[in-house]
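Asks: I have a structure here, written as structure tokens, and I will follow up with some questions on it.
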Ligand code: HEM
């Protein structure tokens, strides 16, 4: 195994969080990670909390610990994180398998960028995520009953 | 195909499965007011009665277990990717992988057992 050369981490956390000159897709990437980690944290807790139902403990119902408003809001955040992660995930699968990046061409001036193909897709999936979120919010706010 | 590529392909495939299963889960649990899907005992999708009605159906028990396994794999593998990008020492990488695998297995066993037990309690037949 080759020795690892370590360099000074000049940008620190900003190197991870910042988009630099990479544009909006770079922010979609960081948001994809944050929402993925958020949903994972929820899944770990959710598995334990829902497993308690076999001991007849339903913490999410009326009077239960997770019925408090702060946790209801938290659950809505999970729905929002899901909406973003799922629809952006569709875009990532398409892009990473090479479907939505355009055909490879000779690099002849004036250069073309694959962003011209990718960006409309990003906008489309974000519109879908927003629609999903709106239906979720409509239910969350109790307007559906 | 190297193991790295193989696990990454599974991660992608798991994402597609999650899109369908978790999409349905979200719609059933959080859009009950609009859609009233699989909640025959009242408008609150996560009431005890509705939970137990779903637990009594074997197709829900099976998809819960499937969703749990696929979700844990996708999520924990994703976390591993993020951690391994920190260029850890090989021994630390191994420890991270082991720890995440054990966490996943433990929760999978707990959740699957609970899904099955809840199915029996709710009056579902094996
Ligand atoms: C709803 C369906 C989902 C889809 C379509 C989806 C799709 C994806 C895709 C395609 C990636 C890979 C990004 C890459 O390799 O560049 C990814 C990463 C990730 N996902 Fe999901 N995912 C879904 C649900 C979930 C769930 C439920 C969790 C948590 C339990 C989760 C946690 C993560 C994490 C932690 C990453 C790692 C981020 C990274 O490597 O940059 N995802 N997801």
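No value in this document is a laboratory result; all are computed from the given coordinates. For clarity, every value in this text was computed on a predicted model and none was experimentally measured. When we count neighbours, we look across all protein chains shown, and the Cβ atoms used for this are built from the backbone with ideal geometry, even at glycine.
Asks: Percent relative contact order of region A:20-140, based on C-alpha pairs within less than 8 angstrom and at least six residues apart?
Replies: 29 percent
Asks: Determine the shielding of peptide B:20-33 by partner chains: average, over its residues, the number of Cβ atoms on other chains within 10 angstrom of each Cβ.
Replies: Counting Cβ atoms of other protein chains within 10 Å of each residue's Cβ and averaging gives 4.
Asks: In addition: Among A:99, A:84, which comes first, second and so on when ranked by fewest other beta-carbon atoms within 10 Å?
Replies: Ranking A:99, A:84 by Cβ neighbours within 10 Å, fewest first, gives A:99, A:84.
Asks: Using a cut-off of under 20 Å, list every residue of region A:81-96 whose amide N is near the label point 7 Å from the Cα of residue B:16 along the Cα-to-beta-carbon line.
Replies: Within reach of a label on residue B:16, which here means backbone N under 20 Å from a point 7 Å along Cα→Cβ, region A:81-96 contributes A:85-96.
Asks: Same structure, new question: Which value in nm describes the separation of the simple spin-label points at residue A:108 and residue B:37, placed 7 Å from the Cα toward the beta carbon?
Replies: Between residue A:108 and residue B:37, the label points sit 5.0 nm apart.
Asks: Inside 10 Å of the C-beta atoms of A:47-58, what's the mean count of C-beta atoms belonging to other chains?
Replies: Taking all residues of A:47-58 together, the mean is 5.
Asks: On to the next question. Relative to the longest principal axis of the C-alpha atoms of chain B, give the angle of the C-alpha long axis of helix B:90-121, reported between 0 and 90° and rounded to the nearest 10°.
Replies: Taking the Cα atoms of chain B, the angle to B:90-121 is about 10 degrees.
Asks: May I ask for the angle, rounded to the nearest 10°, between helix B:3-30 and the longest principal axis of chain B, with both axes built from Cα atoms and the value confined to 0 to 90°?
Replies: Its long axis makes an angle of about 20 degrees.
Asks: Hey, another quick one. Rounded to the nearest 0.05, what FRET efficiency do residue A:71 and residue A:22 give with R0 = 35 Å and r taken as the Cβ-Cβ distance? Could you check?
Replies: Given R0 = 35 Å and the Cβ-Cβ separation, E is 0.45.
Asks: If you don't mind, another one. Between residue A:6 and residue B:5, how high is the FRET efficiency from 1/(1 + (r/R0)^6) when r is the Cβ-Cβ distance and R₀ = 30 Å? Nearest 0.05.
Replies: 0.70
Asks: Can I ask one more? Need one number: convex hull volume per residue for chain B, Cα atoms only, in Å³.
Replies: 121 Å³
Asks: Taking neighbour counts of Cβ atoms within 10 Å as a proxy for exposure, in what order, fewest first, do A:77, B:59 appear?
Replies: Details: A:77 13, B:59 9.
Taking fewest neighbouring Cβ atoms as first place, the list is B:59, A:77.
Asks: Mind pulling the angle between the C-alpha long axis of helix B:58-84 and the longest principal axis of chain B? Nearest 10 degrees, somewhere in 0 to 90.
Replies: Value to nearest ten degrees: 30.
Asks: Related question: Output the relative contact order of region B:12-95, whole-number percent, from Cα pairs under 8 angstrom with separation of 6+ residues.
Replies: Values: 48 pairs, mean separation 20.9, N = 84.
Dividing the mean separation by the residue count of region B:12-95 yields 25 percent.
Asks: With the crude spin-label approximation of a point 7 Å out along Cα→Cβ, what separation in nm comes out for residue A:14 versus residue A:123?
Replies: It works out to 3.0 nm between the two label points.
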